[in-house]
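Okay, structure first, notes after.
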Amino acid sequence: KSISLFKKLRSAEAKLIYTYLYAAKNYAYLNEYKPAKAMLDNARLLVSAYPESMHYVDYLVAEAVYFRTVKAYQEALTSIDKGLVLAKKLGADYSLGTLRYQKYKTYTGLGEYKKAKTTMLELMRTDTLNISLNTLDDYDELSKTYAQLGQLDSAYIWSKRRNKLSDSLHESRLVAEISGMEVKFRNAENQKKIVELNAANTRARLDASNS
């Protein structure tokens, strides 16, 4: 019973941490910094007991988001670097990508576009998840960064790659929608045939019983 109760408490605590961090990031993105800070403080009280856990990585991500949105960029970089070390130790690839993206945005906020470019290229090189929509966003951000550096040829190249990928994704969605419509049509046709066959069988039985 004691072990079962302990597991339930741990599960409830994990959900509470997630809720605090999710709320903190949302408030920060909405520029509601006071409640964002309050949510972060609540989360920190809980995650401090797990300094080597994914909970703490998630906390550092949220803290970086908060610091970046209030333009405390150096503090954001400190949180990000701590998070990168721990995420690497835990083998948390998704969190590594999230932290590198936050680092890119932080450097952009500081106007340090060379560091931003280097960070984005590293993010794209190490992205093991290969999520197409993320890649689309990365291409767009990299194009803007090259433009800020005055490297317009490179900006144009990444803009073209972004547009090509966007067209490819649109075409894939269109093909999927058409395929879905074809499946629905075939199912409808099959259903119609089944109804007609049942009706024919019913008529045949009626004719047989009347003869």
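Shown is the FRET efficiency for Tyr29 and Tyr94, computed with R0 = 25 Å from the Cβ-Cβ distance and rounded to the nearest 0.05: 0.85. Extension gain for Leu152-Leu46 works out to 33.4 nm (0.36 nm per residue, less the C-alpha to C-alpha distance).
Magnitude of the charge dipole for the stretch 38-150, about its Cα centre and with charges confined to Cβ atoms of Lys, Arg (+1) and Asp, Glu (-1), is about 300 debye.
The residues of the stretch 1-125 expose, per residue, 58 Å² of accessible area to a 1.4 Å probe.
Counting charges near Tyr107 (Lys, Arg +1; Asp, Glu -1) among other residues having Cβ under 15 Å from its Cβ returns a value of +3. Here the simple spin-label model places points 7 Å from the Cα toward Cβ, and for Ser53 and Lys15 these points are separated by 1.6 nm. The stretch 87-120 and the stretch 40-67 have Cα centres separated by 18 Å.
The values are calculated or read from the model by the stated rules, or taken from the named source; none is laboratory data. All values derive from a computational prediction rather than experimental measurement. Backbone-built Cβ (ideal geometry, glycine too); neighbour counts: all protein chains shown. Remember, those area values only see protein heavy atoms, side chains included, never the ligands or the DNA or RNA. Shrake-Rupley method; radii C 1.70, N 1.55, O 1.52, S 1.80 Å.
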